[in-house]
Amino acid sequence: MFSEKNRAPAWCDRILWRGDGIQQVEYRSHPKLNISDHKAVSSLFDSQIRVIDAVKYRKVHEDVMKKLDKLENEFLPQVMVDNTEVIFETVRYLESQTKDLIIANTGQVLTHLSSAVITLLTMLELAMRPWIPREIRDHF
């Protein structure tokens, strides 16, 4: 391993390698090549490489995405309203009227009234206030 100058091989006299699935099979020195004061070296490796089948990869990716999409859709909040319209009798000043509206959670996850439903209910409540000018109430 030492040269005639009795020194340890330099880094340029070595072949560095590292990794899983790779095995050094042969290491050679080439003393007849005198192009430098360093020894020419070569090595032979047996290497295991992973080949990805693009068709199989795409199929697995699509299957995973479909399953994730299905799970995501199953866990979306779902709400059912018993009537899509609420019809009041003739509305008169200072006469209250009530109608029941059933909002039910039909999904698999907890749900809250959305801000849109709350906004709608707030607007309806405000529209019935007697101190709001008629022209504004008519827009609701």
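The values are calculated or read from the model by the stated rules, or taken from the named source; none is laboratory data. Everything numeric here is computed off the predicted structure, so don't read it as measured data. Ideal geometry is used to build each Cβ from the backbone, glycine not excepted, and the neighbour counts take in all protein chains shown. Accessible surface areas use protein heavy atoms only, side chains included; no ligands, DNA or RNA. Shrake-Rupley method; radii C 1.70, N 1.55, O 1.52, S 1.80 Å.
General remarks:
- Close amide H pairs (under 5 Å, H built 1.01 Å from N) link PHE45 with VAL25, residues at least 5 positions away or on another chain.
- Our coupling estimate for the range 51-68, obtained by passing each phi through the Karplus curve with A = 6.51, B = -1.76, C = 1.60 and θ = phi - 60°, is 10, 9, 6, 4, 5, 5, 4, 4, 5, 4, 4, 4, 4, 5, 5, 5, 5, 5 Hz, Gly and Pro reported as x.
- Neighbour net charge for TRP17 - beta-carbon separation under 14 angstrom, K R +1, D E -1: -1
- For LYS32, the lysines whose Cα falls under 28 Å of its own Cα, not counting residues fewer than eight places away in the same chain, are LYS5.
- The residues of the range 11-68 expose on average 96 square angstrom of accessible surface per residue, using a 1.4 Å probe on protein heavy atoms.
- Two-site label geometry, LYS56 and TRP17: point separation in nm, points 7 Å out along Cα→Cβ: 2.6 nm
- Under the criterion of Cα pairs below 8 Å and six or more residues apart, the relative contact order for the range 11-68 equals 33 percent.
- Whether the range 11-68 is rounded, prolate or oblate, judged on the alpha carbon gyration tensor where a/c under 1.5 counts as rounded: prolate
- Taking amide H atoms as placed 1.01 Å from N in the peptide plane, the amide H of GLY107 lies under 5 Å from those of GLN78, each 5 or more residues away in sequence or on another chain.
- Net +/- balance of residues flanking LYS66 in space, Cβ distance below 12 Å, scoring K and R +1, D and E -1: -1
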